[in-house]
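Read the structure below first, then the notes.
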Amino acid sequence: ISVEERAPFALYCINAINPIKASNCFFLDNEGFIFAAAPAFSGAVVYFTYATRLPIEEPIGKSFVPVGEFKLLQTFIENLANLSIKPVALELEGNEYHLYLSGDNQIMWQRGADLKVINSNLEAFLSDGSIKSQKNFLDKFLYLDLRTANKVFYKFKN
């Protein structure tokens, strides 16, 4: 018999709309399995945060999403570094994902969408001349909406 202790990979938080103020958090492993209560962290974000708009009741022993979907999300989030995007939290709201960035902005897409296509659309959008010509574009937008196939809608912060 071989026994391995689960290692914290990220957090699942009940109240994580603002990851800096997230509360009631639990550790999840690299497969999205929620396995233990996490202590309260203050200041900078220590772990990447996952959340659901409707809280998972008694989350210990449950998964954030199925393992295959979680692995695809992980890869997608890791690849965003190539686009200079720094995510801090991911929220599942109904049938949509909302990825929160360090600049208090977000990227939205439909659950079940092909994440390679989402990444490709995002990369094409950010490499467009009119977007590239804007200094610090990633700090200026309120949201990027990728819920419509092959389109990117966006809104600037006020």
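The values are calculated or read from the model by the stated rules, or taken from the named source; none is laboratory data. What you are looking at is a predicted structure, and each value in this text was computed from that prediction instead of being measured. Don't worry about glycine lacking a Cβ; one is built from the backbone with ideal geometry, like all the others, and counts go over all protein chains shown. These accessible areas exclude ligands, DNA and RNA; they are computed on the full protein's heavy atoms, side chains included. Shrake-Rupley method; radii C 1.70, N 1.55, O 1.52, S 1.80 Å.
Bridge orientation summary for the chain: considering DSSP beta bridges with both residues in this region, about 75 percent are antiparallel. Restricting attention to region 42-140, the count of lysine pairs at 8 or more positions apart or across chains with alpha carbons under 29 Å apart stands at 13.
At 0.36 nm per residue, minus the direct Cα-Cα distance, what do residue 149 and residue 120 gain on full extension? Give it in nm, one decimal, please.
Result for the pair: 9.3 nm of gain on full extension.
Calculated [222 nm] ellipticity per residue, helices only, for the chain: -6000 deg cm²/dmol; basis is -39500 (n - 2.57) per DSSP H run with n ≥ 4, divided by all residues, nearest 500. Between residue 130 and residue 69, what FRET efficiency comes out of the Förster formula 1/(1 + (r/R0)^6) with R0 = 30 Å and r the beta carbon distance, rounded to 0.05? Taking R0 as 30 Å, the efficiency between residue 69 and residue 130 is 0.35. Surface composition of region 64-122: carbon plus sulfur atoms contribute 51% of the solvent-accessible area (1.4 Å probe, protein chains only, all chains present). Taking all Cα-Cα distances within the chain, those exceeding 28 Å account for 22%. In the chain the longest region clear of trypsin sites (Lys or Arg not before Pro) that are loop-assigned by DSSP and have at most 12 other C-beta atoms within 10 Å covers 54-134. Each eigenvalue of the Cα gyration tensor of region 20-110, multiplied by 5 and square-rooted, gives one semi-axis; in descending order these are 20, 17, 13 Å.
At a probe radius of 1.4 angstrom, the accessible area of the chain per residue rounds to 58 square angstrom. Using Cα atoms only, what is the angle between the long axis of helix 67-79 and the major principal axis of the chain, expressed in degrees (0 to 90) to the nearest 10? Roughly 50 degrees, rounded to the nearest 10.
How much length, in nm to one decimal, is gained on full extension between residue 81 and residue 54, taken as 0.36 nm per residue of separation minus their Cα-Cα distance?
The residue 81-residue 54 span can extend by a further 6.9 nm.
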